[in-house]
Amino acid sequence: MPLDADVFAVPPGRNAPQQVHITLGDQAGTAMTVSWVTVEAEGNSTVLYGRAMGRLDHAARAPPRATPSTNYTSGFIHHCTLAGLDHATRDYYAVGFGDTLGLIGDLGQTADSNSTLAHYEQHPGDAVLFVGDLSYADKHPFHDSNRWDTWGRFSERSVAYQPWIWTAGNHEVEYAPELGETTAFKPFTHRYPTPYRASGSSEPYWYSVKLGPAHIIVLSSYSAFGKYTPQFKWLEAELQRVDCAVTPWLFISTHVPWYNSNNFHFMEGEPMRVQIEKMAVDAVFAGHVHAYERSHRYSNIKYNITDGRCTPVADRRAPVYVVIGDGGNIEGLADELTWPQPAYSAFREYSFGHAVLDIKNRTHAYYAWYRNHDGNKVTADATWLTNRYHKPNHDDSSVHSNI
């Protein structure tokens, strides 16, 4: 048969697993080895398996390898052995996972908050990058700490089963000398620890973590960030420690957005943007504004005191900026968009929802924002992102899709 015969067709999807096959993994028949190939990149070498398709609660992993020959190089070949299986039973397995990051911000504990969390639970990621403003306890009389307890019980259904990466927002500050509280962030830091010491940070409000091929830097909008401050000096050192050969995807999470075309909190992020924007990353995720917005790749780093070049311009090496402060908070939606819509703004809407970033491989990630609409999970905005380390000049705006 010719090479283009339909029985030889490559499966759809970027870097999708192909040539999947299984064989016995031991002599006793209590193990099975699953093999497959990924062509474009290593991808994920994890196999999930279990007794039901809806409950793949076991995992096995093995490193992939490439197999060159004299005139041909294969893709990445994966062999993973599932051990401890029982005789005369049917097990289900799945391969081809990326590293999926849920994106939620300004959640609170309203009916809209519940809708957002329920929609996210339908197709959860491996972890959640939370961009700040958890309980909104400070919006209740006397900063009612009971609302920290109710939020903890409300969110437990997700935060107990996958890691949430915490960013401190303004509603975590809770500095209230009129109530006798002169220590900022006290309820937040007592309840929600962060692994800041592991990344050499001096405070729990700025730190970094690694998730698969992603290096995630969490910054504090409400701690000093000017040059020579502890946070700025840590960030400079942390960026030097990023190994793009291991974690090519580089993200920043901070509460106050650097690009925001909503009249609510308009240009509030300028001081941090001016200090940090030149430290290029793949994407910057923020909240604070109770609406949704995604930018094109734009930057505003050319300005100096004499040239007057202070307008954002298209820049393929710049990050994509996402405002995801639409979790469901008690204060309502930010419904005052600036007009006309600025050129840097790709999509914006004041609706509640959440987003998911699915890192397919080292070069491509699929991003989608899901609107809470009439009680259903509705995909409202989606785009492919290409990695700035491997594809620094690639125009990924040409492959975006608004749905």
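The values are calculated or read from the model by the stated rules, or taken from the named source; none is laboratory data. Bear in mind that the values here come from a model prediction, so they are computed numbers and not experimental data. Cβ atoms come from the backbone with ideal geometry, glycine included; neighbour counts cover every protein chain shown. Heads up: the accessible areas ignore ligands, DNA and RNA and are worked out on the full protein's heavy atoms, side chains in. Shrake-Rupley method; radii C 1.70, N 1.55, O 1.52, S 1.80 Å.
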Can you tell me which of 379-386, 81-88, 176-183, 140-147 comes out highest on packing, and rank the rest after it, using the mean Cβ neighbours within 10 Å? 379-386, 140-147, 81-88, 176-183
Give me the orientation-averaged projected area of the Cα convex hull of the stretch 6-95, in nm², one decimal. 7.4 nm²
Just need the relative contact order of the stretch 59-126 here, percent rounded to a whole number, with Cα pairs under 8 Å and 6+ apart. 23 percent
Whole-number value, in Å³ per residue, for the convex hull of the alpha carbons of the stretch 328-368 is 93 Å³
Convex hull projection area averaged over all views, the chain, Cα basis, nm²: 25.5 nm²
Percent relative contact order of the chain, based on C-alpha pairs within less than 8 angstrom and at least six residues apart? 14 percent
What part of the accessible area of the stretch 100-386, given as a whole %, is carbon or sulfur when the probe is 1.4 angstrom? 52 percent
Contact order normalised by length for the stretch 6-95, with contacts defined as Cα pairs under 8 Å and 6 or more residues apart; what percent is it? 31 percent
Can you grab the distance from the C-alpha centre of the stretch 188-207 to the C-alpha centre of the stretch 109-146, Å, no decimals? 20 Å
Any chance you could check the Cα centroid distance between the stretch 230-260 and the stretch 267-291 for me, in angstrom? 11 Å
By the scheme Lys and Arg +1, Asp and Glu -1, what is the net charge of all other residues having a beta-carbon under 14 Å from that of A60? -2
What is the angle, in °, between the Cα long axis of helix 146-159 and the longest principal axis of the Cα atoms in the chain? Nearest 10 is fine, range 0 to 90. 20 degrees
Skip the ligands, DNA and RNA, and give the accessible area per residue of the chain with a 1.4 Å probe, whole Å². 48 Å²
